[in-house]
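The values are calculated or read from the model by the stated rules, or taken from the named source; none is laboratory data. What you see is a predicted model, and the numbers here were worked out from it, not measured in a lab. Cβ coordinates were reconstructed from backbone atoms using ideal geometry, including for glycine residues, and neighbour counts include every protein chain displayed. When the accessible area is computed, the model is the full protein with side chains, heavy atoms only, and any ligands, DNA or RNA have been set aside. Shrake-Rupley method; radii C 1.70, N 1.55, O 1.52, S 1.80 Å.
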Amino acid sequence: MKNLRRKTLAAASSVTLGVGLALTGGLAPAAAAGPDATYLVVAPLGGKADRAAARVAAANGTVVARYDQIGVIVARSTNPNFVTDVKGAGVEAAASTAGLGTALEEGETVEVPAADVVNSTGDPTAEPMYGQQWDMPMIGVPQAHAVNNGRPSVVVGVLDSGISSSHPDLAGQIAKDKSASCVGGVVDTAEAAWNPTSSDHGTHVAGTIAAAVNGVGVTGIAPGVKVAAVKVVNDEGFIFPESAVCGFIWAADHGMQLTNNSYFVDPWELNCRNDPRQRPAWTAIHRAIRYSQSKGVLNVASAGNSNWDLAGKITDDGSPNNGTPETRPDLGNECRVLPAEVPGVVTVSAVGPTGQKSYYSSYGKGVVEVTAPGGDTRFRTQGVQSTIADSILSTTFNTATRTNGWGYKQGTSMSSPHATGVAALALSAHPRMGPLQLTLFLQLTAVAQACPAGAVYNPVPLIAAGPHAYDSTCSGGKYYNAFYGSGMVNAYNVVK
């Protein structure tokens, strides 16, 4: 079945919608220089990566970042035989990340016109545009704020395209001392480095989590907590594996208790561990996430926008997204979405204003832990066209004009920060919870939701795509199923 292909986890919103080189044996004759490329070099766990670093140098490479915590090195080299030459004692695997960047194409932001911002009414005791945030009452945010709206000791790392530090709804919400760019796998803490340059995706995500209650714009789920910008998207709008590795390690080593991850890492939406070129990226990211978990971080991620059953066999005919797509049929458990399907990551599906699964949202029994509002501008009820207001309103930043604003997006990119915001409230109310406890708490406090009626869920017969283009099948019972996991996250339930 033709899937809804997205290069990130925000769906589009519109009005209508080799032989090792011995270190002691001298260098082989130098090959003609190739393009300067970036490589992931994976060393054995359990010690510093000194031997791997030495092999990088012997293979005519340069170490640009080194993560001894997980035995991963980011290297650059013009040696076209680098992957072959670097292998040997101290190196388990290596691969170029050239061509492994995933474009952050989340669809056009539908901005709220300035006049409408000024004339918004909403709740006069809170935020002027709050009345347009249907997603907040859906998950019990008004009741939660009467009890606890978050503590500043809780810091959420937003691994994304950066956060606008000048946005009036976010300027006071950002932990600047914990923010950094990880583009290229190298840390840069300059404020300009972690501000957005190619997309407002991260700014939108951050607003859902923690936009301030300040009489301006919108409110976040946990306005009392702090967010840290951990920029993993480069100026061309691509996410490379080395940037994600850096992001997880930075968050773990700088006191963040939560990260939000509204993306996938790889041009193949499904990373196959049995593919020699893809496996090093899987290993490095898996290690980085496991390390962050050991440091007390809970990582929350989007399920994806391909309407895939992640627990079943999948045919991927839209990858790689930076080359010529190839059809890979019957992909099973060896191929997974990164980071959403790494063990211990809380995977979030999306629902629209009706509370039903969004037409685009991927799902899977045993994969999805919880669900949250992500928007659905295709329908409210069968056959009834909806409006852009059925997607998620949050903070925006126009990278062309360098101006702040508010606007709509939809996708599991938007559902994930809802769950992250609820988790931030839970930690504010129960600060001693570790990642596993917090995961279980989110599931136990979620509002259970049964599968839609009928054997096949057909949210809307889209003529252009075919009447059954977005059919899906929900398995499981009321209290745990493929579409909604344990149910809808609930802000009030985690703080009351």
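Annotations
- Residues of the stretch 158-182 satisfying the condition of being touching a Phe, Trp or Tyr at 6+ places or on another chain (Cβ under 8 Å) and either more than 25 Å from GLY215 (Cα to Cα) or in a helix (DSSP H, G or I) (or both): LEU159, ASP160, SER179, ALA180, SER181, CYS182
- Pairs with Cβ under 7 Å, 6+ apart, first in the stretch 234-255 and more than 20 Å from ALA95 (Cα to Cα) and of a type in the set (Ser, Thr, Tyr), second assigned to a helix (DSSP H, G or I) and open to solvent by less than 10 Å² (accessible area, probe 1.4 Å): none
- Test: residue in the stretch 402-411 that is closer than 18 Å to GLY487 by Cα and part of a loop (DSSP other than H, G, I, E, B): yes
- Test: residue in the stretch 167-184 that is at pLDDT below 95 and open to solvent by 10 Å² or more (accessible area, probe 1.4 Å): yes
- Here LYS231 qualifies as touching a Cys at 6+ places or on another chain (Cβ under 9 Å) and at pLDDT 95 or above.
- From the options LEU438, LEU444, residue that is in a helix (DSSP H, G or I), more than 19 Å from ALA211 (Cβ to Cβ), modelled with pLDDT of 95 or more and open to solvent by 10 Å² or more (accessible area, probe 1.4 Å): LEU444
- Residue that is most open to solvent (accessible area, probe 1.4 Å), among those in the stretch 243-282 that are within 18 Å of the chain's Cα centre (by Cα) and polar (S, T, N, Q): GLN257
- Considering residues of the stretch 295-345 that are touching a Pro at 6+ places or on another chain (Cβ under 9 Å) and hydrophobic (A, V, I, L, M, F, W, C) only, the residue surrounded by the most Cβ atoms within 10 Å (Cβ to Cβ): VAL300
- Put simply, of THR97, THR62, THR125, THR102 the only residue that is open to solvent by 10 Å² or more (accessible area, probe 1.4 Å), modelled with pLDDT under 95 and among the polar types (S, T, N, Q) is THR125.
Conditions (1) in contact with a strand residue (DSSP E or B) (Cβ under 9 Å, 6 or more places away or on another chain); (2) under 20 Å from TYR263 (Cα atoms); (3) not β-branched (Val, Ile, Thr), marked per residue:
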{"residue": "TRP308", "(1), (2), (3)": "yes, yes, yes"}
{"residue": "SER319", "(1), (2), (3)": "yes, yes, yes"}
{"residue": "GLU326", "(1), (2), (3)": "yes, no, yes"}
{"residue": "ASP330", "(1), (2), (3)": "yes, no, yes"}
{"residue": "ASN333", "(1), (2), (3)": "no, yes, yes"}
{"residue": "ARG336", "(1), (2), (3)": "yes, yes, yes"}
{"residue": "THR347", "(1), (2), (3)": "yes, yes, no"}
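- Unmet requirement for ASP330, which otherwise passes all of (1) closer than 23 Å to TYR479 by Cα; (2) among the acidic types (Asp, Glu); (3) part of a strand (DSSP E or B): (1)
- Selection status of THR197, closer than 25 Å to GLN410 by Cα, touching a Pro at 6+ places or on another chain (Cβ under 7 Å) and among the hydroxyl-bearing types (Ser, Thr, Tyr): no
- Listed by first and then second residue, the pairs with beta-carbon distance under 9 Å, at least 6 apart or on different chains, first residue in the stretch 178-201 and basic (Lys, Arg), second assigned to a helix (DSSP H, G or I), are LYS178/TRP250; LYS178/ALA251.
- Filter result for GLY215 (out of contact with any helix residue (DSSP H, G or I) (no Cβ under 8 Å at 6 or more places or on another chain), on the phi > 0 side of the Ramachandran plot, modelled with pLDDT under 95 and not in a strand (DSSP E or B)): yes
- Taken over the stretch 375-404, the criterion of being open to solvent by 10 Å² or more (accessible area, probe 1.4 Å) and modelled with pLDDT of 90 or more is satisfied by PHE397, ASN398, THR399, ALA400, THR401, ARG402, THR403, ASN404.
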